[in-house]
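Peer 1: I am attaching a structure below and will ask some questions about it afterwards.
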Amino acid sequence: EFAFTESGARPVHKEFHKAILEALQVEEPEARQQAMYNLTNHPGFRPSHPREDHFVPIYVAAGAGEEGQVKILGAMYGIISVAFGL
């Protein structure tokens, strides 16, 4: 199975990508933190990230800029770019 391209991804991978974007767009910092934490329970988490270390960088960045706003710089499938703490 290939989840690296949107055309080759299964629905569970696409749904997880969408869930990440939705969690990032939560405005209130504590609610956003919870929404991002809840991503680990999403059915697409494990199929999309077989090991947690593949997903940890977004948590590090989110924690470093948790008090500011979030801006999604790019939402291309599988390559989300985000700025935290704005």
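Residues are listed down the side, and each one gets a yes or a no for (1) in a helix (DSSP H, G or I); (2) among the basic types (Lys, Arg); (3) in contact with a helix residue (DSSP H, G or I) (Cβ under 7 Å, 6 or more places away or on another chain); (4) free of Cβ contacts under 8 Å to residues at least 12 places away in the same chain:
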{"site": "His13", "(1), (2), (3), (4)": "yes, no, yes, no"}
{"site": "Phe16", "(1), (2), (3), (4)": "yes, no, yes, no"}
{"site": "Val26", "(1), (2), (3), (4)": "no, no, yes, yes"}
{"site": "Ala35", "(1), (2), (3), (4)": "yes, no, yes, no"}
{"site": "Arg46", "(1), (2), (3), (4)": "yes, yes, no, yes"}
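Peer 1: When residues of the range 55-65 are filtered for being assigned to a helix (DSSP H, G or I) and either polar (S, T, N, Q) or closer than 20 Å to Pro11 by Cα (or both), how many remain?
Peer 2: Final tally of qualifying residues: 0.
Peer 1: Check Asn38 against each of (1) at pLDDT below 95; (2) within 20 Å of Phe84 (Cβ to Cβ); (3) open to solvent by 50 Å² or more (accessible area, probe 1.4 Å) and name the one condition it does not meet.
Peer 2: (1)
Peer 1: Which residues, counting only those in the range 1-29, are open to solvent by 40 Å² or more (accessible area, probe 1.4 Å), at pLDDT 90 or above and under 16 Å from Tyr77 (Cβ atoms)?
Peer 2: Matches in the range 1-29: Pro11, Lys14, Glu15, Lys18, Glu22.
Peer 1: Next question. Here is a list: Gly68, Gly74. Which entry is in a loop (DSSP other than H, G, I, E, B) and either touching a residue at least 60 places away in the same chain (Cβ under 8 Å) or exposed (fewer than 15 other Cβ atoms within 10 Å of the Cβ) (or both)?
Peer 2: It is Gly68.
Peer 1: Pick from Arg51, Arg46, Arg32: which is open to solvent by less than 70 Å² (accessible area, probe 1.4 Å) and of a type in the set (D, E, K, R)?
Peer 2: Unique residue meeting the criteria: Arg32.
The values are calculated or read from the model by the stated rules, or taken from the named source; none is laboratory data. Predicted model only: the values in this text are computed from it and were never measured. We place every Cβ from the backbone using ideal geometry, glycine too, and count neighbours over all the protein chains shown. Side chains are part of the model used for accessible areas, which takes the heavy atoms of the whole protein and leaves out ligands, DNA and RNA. Shrake-Rupley method; radii C 1.70, N 1.55, O 1.52, S 1.80 Å.
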